[in-house]
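Chemist: Dropping a structure here in structure tokens format, bear with me for questions.
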Amino acid sequence: MMGPAHSLSGAAAWLGVGSAVAAAGHPMPWPVLIVGALICAGAALAPDLDHKSATISRAFGPISRGLCEIIDKLSHSVYKATRGHGDPRRNGGHRTLTHTWLWAVLIGTGASVLAMTGGRWAVLGILFVHLVLAVEGLLWRMARTSSDVLVWLLGATSAWILAGVLNEPGNGADWLFTGPGQEYMWLGLPIVLGALVHDIGDALTVSGCPILWPIPIGRKRWYPIGPPKAMRFRAGSWVELKVLMPVFVLLGGVGGLGALGVI
């Protein structure tokens, strides 16, 4: 799928989680609901770090473009080193390493560890990166016509404000994990969820997605998971733009209202 659809699906997924935990009697504080949705929207773009023409490659100028080239080469190398007898030869690393459950878990775990051990500046860094990505995905028309500096300033200002709000007693710094030193440990959860939602979205497209790597399926270790081919669509097609994106908006709205106890 394209960047805007990925971000919408990520935000909708976290709002759905918020609704589910509220129904189970453990509602999220509203700052966790909002920050988590924005992080998840940004994280839903991150698996495309292996694609130098993706939305994420433009988000941080030369830094993100260079990182995308490095991840593309790394992913291609991992693919060549681990492919099974039934896996085809490839010329690039797109939709390989960064489109797996293992990558999602590792990235999310790394973010949680960084948030717990790195202090306020680590939390601000995590928020800044994902809020900039959320702007690129959710407000993509504005981001395309604005300068990068304005988008970065919006991300930095929002990160500073939201970090301050979260740090207030009862606002969610210690949501879910309440032990000493576990503040902000939950920040890795929307990152994992966003990456997995991205992978599921890509699995719906023509090429499928090797979400289960390194678990072998038949003669393939990079088996492209997806529905029957007749049910798949091309990225950027009318199905994505006219059907899925409105559905994501609707589901996100319902999830948000459920999380806040309105319905």
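Chemist: Could you give the angle, 0 to 90 degrees to the nearest 10, between helix 148-166's Cα long axis and the longest principal axis of the Cα atoms of the chain?
Modeler: It works out to around 50 degrees.
Chemist: List the residues, sorted by chain then number, that are 5 or more residues from I225 or on another chain and whose placed amide H is less than 5 Å from its amide H.
Modeler: C209, I211, L212
Chemist: Can I ask one more? Quick check: pseudo-label points 7 Å beyond the Cα along Cα→Cβ at K80 and T157, how many nm apart are they?
Modeler: 4.7
Chemist: Of the peptides 255-262, 58-65, 43-50, 127-134, how do they stack up when ordered by the mean number of other Cβ atoms within 10 Å, highest first?
Modeler: 43-50, 127-134, 255-262, 58-65
Chemist: Then there's this: Express the relative contact order of segment 2-260 as a whole percentage, based on alpha carbon pairs under 8 Å and six or more residues apart in sequence.
Modeler: 33
Chemist: Run the 1.4 Å probe and let me know the accessible area of W101, rounded to the nearest 10 Å².
Modeler: Spelled out: W101, probe radius 1.4 Å, area about 90 Å².
Chemist: Something else about it: May I ask for the Rg/Rh ratio of segment 147-263, computed from Cα atoms with Rh as the Kirkwood radius, given to two decimals?
Modeler: Rg/Rh for segment 147-263 comes to 1.07.
Chemist: Related question: When ligands, DNA and RNA are left out and all protein chains stay put, how many square angstrom of accessible area per residue does segment 2-260 have with a 1.4 Å probe?
Modeler: It amounts to 48 Å² per residue over segment 2-260.
Chemist: Let me ask something additional. Would you report the distance distribution of C-alpha pairs in segment 2-260 as whole percents per 5 angstrom bin, up to the bin with the largest distance?
Modeler: Taking all Cα pairs of segment 2-260, the binned fractions are 1, 7, 12, 17, 19, 17, 13, 8, 4, 1, 0, 0 percent.
Chemist: How far apart, in nm, are two points set 7 Å out from the Cα along the Cα-to-Cβ line at F233 and at V113?
Modeler: Using points 7 Å along Cα→Cβ, the separation is 3.9 nm.
Chemist: Suppose each label sits 7 Å from its Cα in the direction of the beta carbon; what would the V262-W121 distance come out to in nanometres?
Modeler: My value for the distance between the label points is 4.0 nm.
Chemist: Then there's this: So who's got an amide H within less than 5 Å of the one on A54, skipping anything under 5 residues away but keeping other chains? H placed 1.01 Å off N, in plane.
Modeler: For A54, no residues qualify.
Chemist: Which cross-chain or sequence-distant (5 or more) residues have an amide H under 5 Å from the amide H of T205, H modelled 1.01 Å from N in plane?
Modeler: Here the answer is F233, since their amide H atoms fall under 5 Å of that of T205.
Chemist: To continue, here is another question. List the lysines whose Cα lies under 17 Å from the Cα of K80, skipping any in the same chain that are fewer than 8 positions away.
Modeler: Answer for K80, where 17 Å is the Cα cut-off: K220, listed by chain and number.
The values are calculated or read from the model by the stated rules, or taken from the named source; none is laboratory data. All values reported here derive from a predicted model rather than from experimental measurement. Because the Cβ atoms are built from the backbone with ideal geometry, glycine has one as well, and the counts that use them run over all protein chains shown. Protein only, heavy atoms only, side chains kept; ligands, DNA and RNA dropped before computing areas. Shrake-Rupley method; radii C 1.70, N 1.55, O 1.52, S 1.80 Å.
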